[in-house]
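A.B. asks: Here it is, the structure in full.
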Amino acid sequence: MSNTITEAAVLNKTEKGLLIGGRFRAAAAGRTFAVENPATGTTLCEVADGSAEDALDALGAASAAQSSWAATPPRERAEILRRAYQLLTERTEEIALLITLEMGKSLAESRAEVAYGAEFFRWFSEEAVRIRGDWTVNPGGSGRIVLMRQPVGPCLLITPWNVPLAMPTRKIGPAIAAGCTMILKPAEQTPLTALMLAGILAEAGLPDGVLNVVTTSSPGPVTEPLIHDERLRKLSFTGSTEVGRILIASSADKVLRTSMELGGNGPFIVCADADIDAAVDGAMIAKMRNIGQACIAANRFYLHADVAEEFTDKLTDRMSGMAVGSGVDEGVEVGPLIDAGQRDKVAALVDDAVRRGAHIRTGGKAASGPGYFYPPTVLTDVPSSSRLAREEIFGPVAPISTFTDEQEMLRAANDTESGLVSYVYTRDLDRAIRLAENLETGMVGINQGLVSNPAAPFGGMKQSGLGREGGSVGIDEYLEVKYVAVGVA
Ligand code: ADP
C-alpha cells in the first residue's frame, strides 16, 4: 500500500450513511452529526444520525435476511470472512489513517489494530466450518441424545470508540461464521471505521441485510426499541459497566441473550524475583497501549518493596521519554484522549490522588491548547482510598503502591468489582501458578503485558462481563444448543 494516501482522500471514500438492507442511505429524518478529530478538536465530517425508526428498519432487514443466511453453506460464510481479512490487510494504511483521525491513537498503533482486527475474520473463517453437534447413546440405552448448534438469530452489536475496528470484527466475525444477521451500532465518536468496514464486507460478498449499520448520536433511545422487539435474539455489548447494567436490565423484558464485555481495573504485579526490564517492557504495553484507553489497561501497579525503586525509575524514564502529539505524525507514540470529558476525568483522578498524598514522578498536568492531550504520568505512594485505585482510569496514568506480603497484596488486587485481567511478573513458577489461580480475573498475563489474541477467549469475571469473545468458545455466544431426544425401539 502506498503511503501517499491523504486525510481528504480517506474521508472522501468512506461512506457516511446508514447501511440498511445492503444500501447506504441518509437517516429518515435527514439528520447528521459531526465526527471530531480529538487531536485538533475540529470536525472531520458529518455522518447520518439514525433514529429509532431507522434502527427498526435495520432490524427488519436483518430479520428478513436471517433464514437464507443461516442456510448459506458454512464454506461460503467462511470464504466471505477470509476475503474480508485479505481486503483489510491490503488496505491497512488507509484504515489505520481513518482510525487515527477519528480516535487519536498513533498510526503505528492503528496499524497494529488493523492486523488484530483482521485476524478475527481469519480466525472465525476457520471456525465457520467446524460448528459441531453431538451424538450420545442415552445411558438407559433406549434412545439417542442428539445435539445440534444453530444460529441464535438477529443480533445487536454495540461497540465502543477505543478500538473502532477490532471491537466490531470481534463480534461480526463469529456472528457471520455462526450464520447470524446483525445490526452494528458503533460508538458516536468513531462511526467512520465501522462504515469503512461495512463497505469492505460488502465487497467481500456479504449478502444484503446480513450486516446493517446504524450510526447515531443518541444510542439509548435508538437501541432501546430493538432490545424490546421480539425479532432481536441477541445483544453483544462492549463498553462501560454502567451502560452494561442498563442494557442487562432492559434485556430482561424479552429474556434477550446477552454477551457483555465491560470495564476493568487490572492489577499489574511485580514480584521481588521478577525480571525488572521485562516487567517494564510489559508495563509499557499494558499501560500505554491505546493511550491507556483500554478495558485491559494496567490500572493499579503493585510492586514488591525490594524492586519498587528500580522498577519505578525505569518506568518513569520510559514514560517521560514518550513522544506526545497528533497520531498522524510519524514517530508520535502518545496521541490525545478521546474528548475533553475523558481528559478532565483523568486530570480529576490524578488531582484526587495527589490530595490524598500520592507523589508525581512524571506528568500529572493536562496540556492546554487544541486537542485533548494528557501526558504519560507516574504516581507513587497512591493510597488505596484514592479514586485511582477504584475507578477505571482510561488514560496514560500509572498509579504505584508497594507490598511485602503476598497475601495482603492479593487481597488488595482482588478488592474491586471488576475482574477482567491481571498481570504478574515473577520467575518463580509456584508463585506464578498460585497467583494465576487466585486472582479473580477472566484473564491473567504471566510475564506478558499483552493478553489479547483472537485465538484465546477474552472476557471477565465479576462485574467485568458475561461470556467470552474469540478463541474456540467465541462462536458459542452466537449459537443455540438444540437437543433432540430420539427414541429407539
Ligand atoms: P465509554 O465510556 O467507553 O464511552 P459507553 O459504555 O458509554 O463507553 O459506550 C460504549 C457504547 O455504548 C457506545 O457505542 C455508546 O454509543 C453505547 N451506549 C452508550 N449509552 C448507551 C445506552 N444507554 N444504550 C445503548 N448503548 C449505549
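The values are calculated or read from the model by the stated rules, or taken from the named source; none is laboratory data. From a predicted model like this one, the values you see are computed outputs, not experimental measurements. Reconstructed Cβ throughout: ideal geometry from the backbone, glycine too, with neighbour counts over all protein chains shown.
A.B. asks: Given the conditions (1) touching a residue at least 12 places away in the same chain (Cβ under 8 Å); (2) under 26 Å from Ala278 (Cβ atoms); (3) of a type outside the set (Gly, Ala, Ser), and given that Leu349 satisfies all but one, which numbered condition is not satisfied?
C.D. replies: (2)
A.B. asks: Please list, ordered by first then second residue, the pairs with beta carbon atoms under 9 Å, 6 or more apart or interchain, first in region 287-300 and among the aliphatic types (A, V, I, L, M), second part of a helix (DSSP H, G or I) and within 12 Å of the ligand (Cβ to nearest atom).
C.D. replies: Ala297/Asn290
A.B. asks: Ok, one more. When you look at Leu184, is it without any contact (Cβ under 8 Å) to a residue 40 or more places away in the chain, touching a strand residue (DSSP E or B) at 6+ places or on another chain (Cβ under 7 Å), within 16 Å of the ligand (Cβ to nearest atom) and of a type in the set (A, V, I, L, M, F, W, C), yes or no?
C.D. replies: Yes.
Residues checked against (1) assigned to a helix (DSSP H, G or I); (2) crowded, with 16+ Cβ neighbours inside 10 Å; (3) over 25 Å from the mean Cα position of the chain (by Cα):
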{"position": "Val10", "(1), (2), (3)": "yes, yes, no"}
{"position": "Phe24", "(1), (2), (3)": "no, yes, yes"}
{"position": "Ala29", "(1), (2), (3)": "no, no, yes"}
{"position": "Val35", "(1), (2), (3)": "no, yes, no"}
{"position": "Asp54", "(1), (2), (3)": "yes, yes, yes"}
{"position": "Ala62", "(1), (2), (3)": "yes, yes, no"}
{"position": "Glu79", "(1), (2), (3)": "yes, yes, no"}
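A.B. asks: Follow-up question, since we're still on this one. If a residue has to be acidic (Asp, Glu) and surrounded by fewer than 22 Cβ atoms within 10 Å (Cβ to Cβ) to count, how many in region 369-401 make the cut?
C.D. replies: Residues meeting the conditions: 2.
A.B. asks: Right, another one. Please work out if Ala194 is without any contact (Cβ under 8 Å) to a residue 40 or more places away in the chain and surrounded by 24 or more Cβ atoms within 10 Å (Cβ to Cβ).
C.D. replies: yes
A.B. asks: Further question: Provide a single number: the residues in region 369-398 that are part of a strand (DSSP E or B) and aliphatic (A, V, I, L, M).
C.D. replies: 4
A.B. asks: In a helix (DSSP H, G or I), without any contact (Cβ under 8 Å) to a residue 12 or more places away in the chain and farther than 22 Å from Ala297 by Cα - does that describe any residue in region 411-431?
C.D. replies: yes
A.B. asks: Run down Glu126, Glu102 and say which single residue is charged (D, E, K, R), closer than 25 Å to Ser259 by Cα and assigned to a helix (DSSP H, G or I).
C.D. replies: Glu126
A.B. asks: Among the candidates Pro168, Pro154, Pro139, single out the residue that is within 30 Å of Val334 (Cα to Cα) and of a type outside the set (Lys, Arg).
C.D. replies: The unique qualifying residue is Pro168.
A.B. asks: Now for a separate question. Which residues, counting only those in region 251-260, are of a type in the set (Gly, Ala, Ser) and either closer than 18 Å to Ala187 by Cα or within 8 Å of the ligand (Cβ to nearest atom) (or both)?
C.D. replies: Ser259
A.B. asks: Go through region 127-171 residue by residue and tally those that are of a type in the set (S, T, N, Q), within 19 Å of Lys234 (Cα to Cα) and either in contact with a Phe, Trp or Tyr (Cβ under 6 Å, 6 or more places away or on another chain) or away from the ligand (no atom under 16 Å from the Cβ) (or both).
C.D. replies: 2
A.B. asks: Scan region 230-246 for residues that are under 17 Å from the mean Cα position of the chain (by Cα), surrounded by 15 or more Cβ atoms within 10 Å (Cβ to Cβ) and either within 10 Å of the ligand (Cβ to nearest atom) or among the hydrophobic types (A, V, I, L, M, F, W, C) (or both) and jot them down.
C.D. replies: The answer is Leu235, Phe237, Thr238, Gly239, Ser240, Thr241, Val243, Gly244.
A.B. asks: So, one more: Condition first: among the polar types (S, T, N, Q), at pLDDT 95 or above and loosely packed, with under 13 Cβ neighbours inside 10 Å. Now tell me which residues in region 103-148 satisfy that.
C.D. replies: Result: Thr136, single match.
A.B. asks: Please enumerate the residues belonging to region 401-433 that are closer than 24 Å to Asp313 by Cα and under 25 Å from the mean Cα position of the chain (by Cα).
C.D. replies: Passing the criteria: Ala413, Ser422, Tyr423, Val424, Tyr425.
Residue-by-condition table, conditions (1) in contact with a strand residue (DSSP E or B) (Cβ under 8 Å, 6 or more places away or on another chain); (2) under 29 Å from Asp277 (Cβ atoms):
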position: Pro375; (1), (2): yes, yes
position: Asp381; (1), (2): yes, yes
position: Ala389; (1), (2): yes, yes
position: Val421; (1), (2): yes, yes
position: Pro454; (1), (2): no, yes
position: Pro457; (1), (2): yes, no
position: Gly471; (1), (2): yes, no
position: Gly487; (1), (2): yes, no
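A.B. asks: Between residues in region 54-78 that are outside the structural domain of Glu119 (by TED's automatic domain parsing) and residues that are crowded, with 19+ Cβ neighbours inside 10 Å and not aliphatic (A, V, I, L, M), which pairs lie under 9 Å by C-beta distance while being six or more apart or on different chains?
C.D. replies: Partner pairs satisfying both residue conditions: none exist.
A.B. asks: State all residues of region 335-350 that are within 13 Å of the ligand (Cβ to nearest atom) and either farther than 17 Å from Val378 by Cα or touching a Lys or Arg at 6+ places or on another chain (Cβ under 9 Å) (or both); if no residue qualifies, say none.
C.D. replies: Leu337, Ile338, Asp339, Gly341, Gln342
A.B. asks: Here's a follow-up. So which residues in region 249-275 are more than 20 Å from Val152 (Cβ to Cβ), touching a residue at least 40 places away in the same chain (Cβ under 8 Å) and not polar (S, T, N, Q)?
C.D. replies: Hits for region 249-275 are Leu262, Gly263, Gly264, Gly266, Pro267, Phe268, Ile269, Val270, Cys271, Asp273, Ala274, Asp275.
A.B. asks: Being assigned to a strand (DSSP E or B) and of a type in the set (Ser, Thr, Tyr) is the requirement here; does Ser259 meet it?
C.D. replies: Here the answer is yes, as Ser259 does meet what is asked.
A.B. asks: Sticking with this one: Can you pull out every residue in region 210-228 that is more than 9 Å from the ligand (Cβ to nearest atom) and either free of Cβ contacts under 8 Å to residues at least 24 places away in the same chain or surrounded by fewer than 18 Cβ atoms within 10 Å (Cβ to Cβ) (or both)?
C.D. replies: Pro225, His228
A quick yes/no check of all residues on (1) under 14 Å from Phe268 (Cβ atoms); (2) at pLDDT 95 or above; (3) surrounded by 22 or more Cβ atoms within 10 Å (Cβ to Cβ):
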| position | (1), (2), (3) |
| --- | --- |
| Glu417 | no, yes, no |
| Tyr425 | yes, yes, yes |
| Val444 | yes, yes, no |
| Pro454 | no, yes, yes |
| Phe458 | no, yes, yes |
| Gly474 | no, yes, yes |
| Tyr478 | no, yes, yes |
